[in-house]
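Working notes for the structure below.
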Amino acid sequence: MLDTARIRADFPILHQVVNGRPLVYLDNAATSQKPRAVIETLVDYYSRYNANVHRGVHTLGDRATEAYEGARAKVARFINAPGPETIIFVRNTTEGLNLVAYTWGRAHLRPGDEIVTTIMEHHSNLVPWQILAREKEAVLRFVGLTPTGELDMEDFARQLTPRTRIVAVTMASNVLGTITPVAEIVRQAHAVGAITVIDAAQAAPHLPIDVQALDCDFLAFSGHKMLGPTGIGVLYGRREHLERMPPFLGGGSMIRDVQLTTATWNDPPWKFEAGTPNIADAIGLGAAVDYLSALGMENVRAHEVALTAYALAALSQVEDLVIYGPPDPQRRTGVISFNLADIHAHDVGTILDQEGIAIRAGHHCCKPLMRHLGVAATARASFYIYNTREEVDRLVAALIRAKELFGSVVGR
Ligand code: PLP
């Protein structure tokens, strides 16, 4: 298990008072905080070896290239990718998913082909497929949920057809916390000849991931949700796809040769990294991966399961609190969406903020899922490696006070 006191000492931002109370940061599904090791890596890069990569004939350029490519190798090991050439640095999960839609999708889809996704996807794993489907006259099909908010695997089997070309599924829901059975999804998708695109934005920070064991074709995640900087994300792609896919953006670094009217492409992953990349933040992500790897992703997950179990039990004591998603902490991540009586989620968020507790409220970029749940918004508390039971207790106490406050306002 994790030593949260020791971990907290590594995160300068956590040690502050917000609105008169010690900060309780429970908005980790939106973005995580950064340990000193990551912050110092960025400072070190800009103070000692800032230079452009891949083109230099000078020492700083070599150092920057080595660190940038070293970060790629660390990320590859982190998700057990077969090699660094299967790791493309992008801005975030959103860009990774769009890259697949714009390259593989545009090259392969024909009118009438089908894309299977689910009703709980984040907009970034939905809108790119809508755009692609409209352009290619393809058909979108949606897998539903069970009453406890898990993916309905019987429905999944029904949605697959010989026309299915792409299955795009989240590995962990940012609203329900639901963990999906990715290996089984991939197996069934491959059986009908479809490729699989996995949105791991909420999974990579929290669960051990082995892309070879999952056997997925593509998998995307963001650095900023896993202790890394903003502006850097990862797209893993199976080597044979990356070799055959057309490039995403054209420009410097992604070419082998350029004539006035034609060009040929560099090898993957550079074929997909046009222009000067986000060097500093990629190296920063490498430091984040080091930090998580030193903790051990099994331990990260164990901490999250224990804290989520504690939180689910504690929150169930709050009167009129509706919690969404699977009740079993083993089957979900540490994302807990809820609504409190008929108080709007934004009001809940504002009241908690007055007590120094940061949560998120809104549709969480999952408008179709909100409609399915029959709500306009939810409040969402989400945990990470530095969160504690005492913080959960503060959340619960603040919710009870919010209920009393609104009860008295309504009663007046
Ligand atoms: N997918 C899921 C499940 C998410 O939770 C998020 C971010 O909240 C994204 C995709 C998009 O991530 P980003 O905004 O970093 O591209």
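Summing Lys and Arg as +1 and Asp and Glu as -1 over all other residues whose Cβ lies under 15 Å from the Cβ of D257 gives a net charge of +1.
Can you classify segment 266-410 as rounded, prolate or oblate using the Cα gyration tensor, where a ≥ b ≥ c are the square roots of its eigenvalues, rounded means a/c under 1.5, and otherwise it's prolate if a/b beats b/c and oblate if not? Because a/c hits 1.5 or more and a/b exceeds b/c, segment 266-410 counts as prolate. Take 344-351, 215-222, 162-169, 73-80 and order them by the average number of nearby Cβ atoms within 10 Å per residue, most first; the result is 215-222, 162-169, 73-80, 344-351. Applying a length cut-off of 27 Å (Cα extent along the axis) and a mean Kyte-Doolittle floor of -1.0 to the DSSP H helices of the chain leaves 59-78, 389-411. Of the cross-linked pairs K367/K403; K34/K136; K136/K271; K34/K403; K74/K136; K136/K367, those separated by over 30 Å at the C-alpha level are K34/K136; K34/K403; K74/K136.
Taking amide H positions as modeled 1.01 Å from N, with prolines and chain starts lacking one, no residue 5 or more places away or on another chain lies under 5 Å from H344. Remark: the L295-I131 segment gains 55.0 nm on full extension, using 0.36 nm per residue and subtracting the alpha carbon distance. With R₀ set to 60 Å, the beta-carbon distance separating D328 from L260 gives a calculated FRET efficiency near 0.45. Under 5 Å between amide hydrogens, built in the peptide plane, is the criterion, and for T178 it picks out S173, T333 among residues at least 5 positions away or on other chains.
Within 12 Å, Cβ to Cβ, of F11, how many net charges do the neighbouring residues add up to if Lys/Arg are +1 and Asp/Glu are -1? With Lys, Arg at +1 and Asp, Glu at -1, the neighbours total +3. Other residues within the sphere of radius under 12 Å centred on the Cβ of M153, judged by their own Cβ, net out at -3 (K and R +1, D and E -1). Most tightly packed first, judged by the mean number of other beta-carbon atoms within 10 Å of their residues, the peptides 234-246, 26-38 read 26-38, 234-246.
With the highest mean first, a sort of the peptides 108-120, 278-290, 256-268 on other beta-carbon atoms found within 10 angstrom per residue produces 278-290, 108-120, 256-268.
Close amide H contacts of V24 (hydrogens built in the peptide plane, cut-off under 5 Å, sequence separation of 5 or more or a different chain): I357, A358. Can you compute the FRET efficiency between R110 and R158 using 1/(1 + (r/R0)^6), with r the Cβ-Cβ distance and R0 = 22 Å? Round to the nearest 0.05. The pair R110/R158 has a calculated efficiency of 0.45. Relative contact order, whole percent, for segment 39-294 stands at 24, derived from Cα pairs under 8 Å and 6 or more residues apart. Dividing the convex hull volume of the alpha carbon atoms of the chain by its residue count gives 144 Å³ per residue.
Here, each number is a calculation from the coordinates, and none is a lab measurement. If you're wondering where the values come from, they're calculated on a predicted model, not measured in any experiment. In this analysis, Cβ positions are derived from the backbone assuming ideal geometry, glycine residues included, and neighbour counts consider all displayed protein chains.
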